[in-house]
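Structure first, then comments.
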Amino acid sequence: MLQFFQQYGITILMVVMLIVIFYLMYRSQKKQEKEAADMRNSLEVGDEVTTIGGIIGEIVSIKEETVTIETGKDRTKIRILRSSIRNVDVHAAEKRGAAKAAAEENKENKTEK
């Protein structure tokens, strides 16, 4: 038995280490894919997004597999696939909250004057 481990111990150890490494890589990749799918499924009109091509825009409409974004000052509309969205920069809910806070602050400033 001892002779078996002396001959094949390193090989067995290397195989076990490779299996563990591949398992960890697979698990982290699946986790990233799940997070990306969750992000793409939670898109809302008004979200500011960045595409995999580097285009930044605001979502104006959402269909099953496509999203229309508005970019730039000239408000150009581009229809893209959901899968081409890299990340959401600003959520619509955050924009609404910031706008509401700014409106309340303006009301307070006007009443003070």
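A few remarks follow.
- Taking all Cα pairs closer than 8 Å and separated by 6 or more residues, the relative contact order of the range 44-105 comes to 33 percent.
- Cross-link pairs exceeding 26 Å between alpha carbons, from the set K31/K100; K31/K73; K31/K77; K34/K63: K31/K100; K31/K73; K31/K77.
- Amide H partners (placed H, <5 Å) of D89, local residues excluded: E48, V49, T50
- Helix 2-41 vs. the chain, principal-axis angle (Cα, 0 to 90°, nearest 10): 10 degrees
- For the range 18-89, trypsin sites (Lys or Arg not before Pro) meeting the loop criterion (DSSP other than H, G, I, E, B) and having at most 11 other Cβ atoms within 10 Å: K63, K73, R75.
- Sorted largest first, extent of the range 1-41 alpha carbons per principal axis (Å): 57, 11, 5
- Pairs of Cα atoms nearer than 8 Å and 6+ residues apart set the relative contact order; for the chain it is 19 percent.
- The chain: angle of helix 92-112 to the longest principal axis, Cα-based, in degrees nearest 10: 40 degrees
FYI, it's all coordinate maths here, none of it is from the lab. Since this is a predicted model, take the numbers as computed values, not measurements. Positions of Cβ are backbone-derived with ideal geometry, glycine not excepted, and every protein chain shown enters the neighbour counts.
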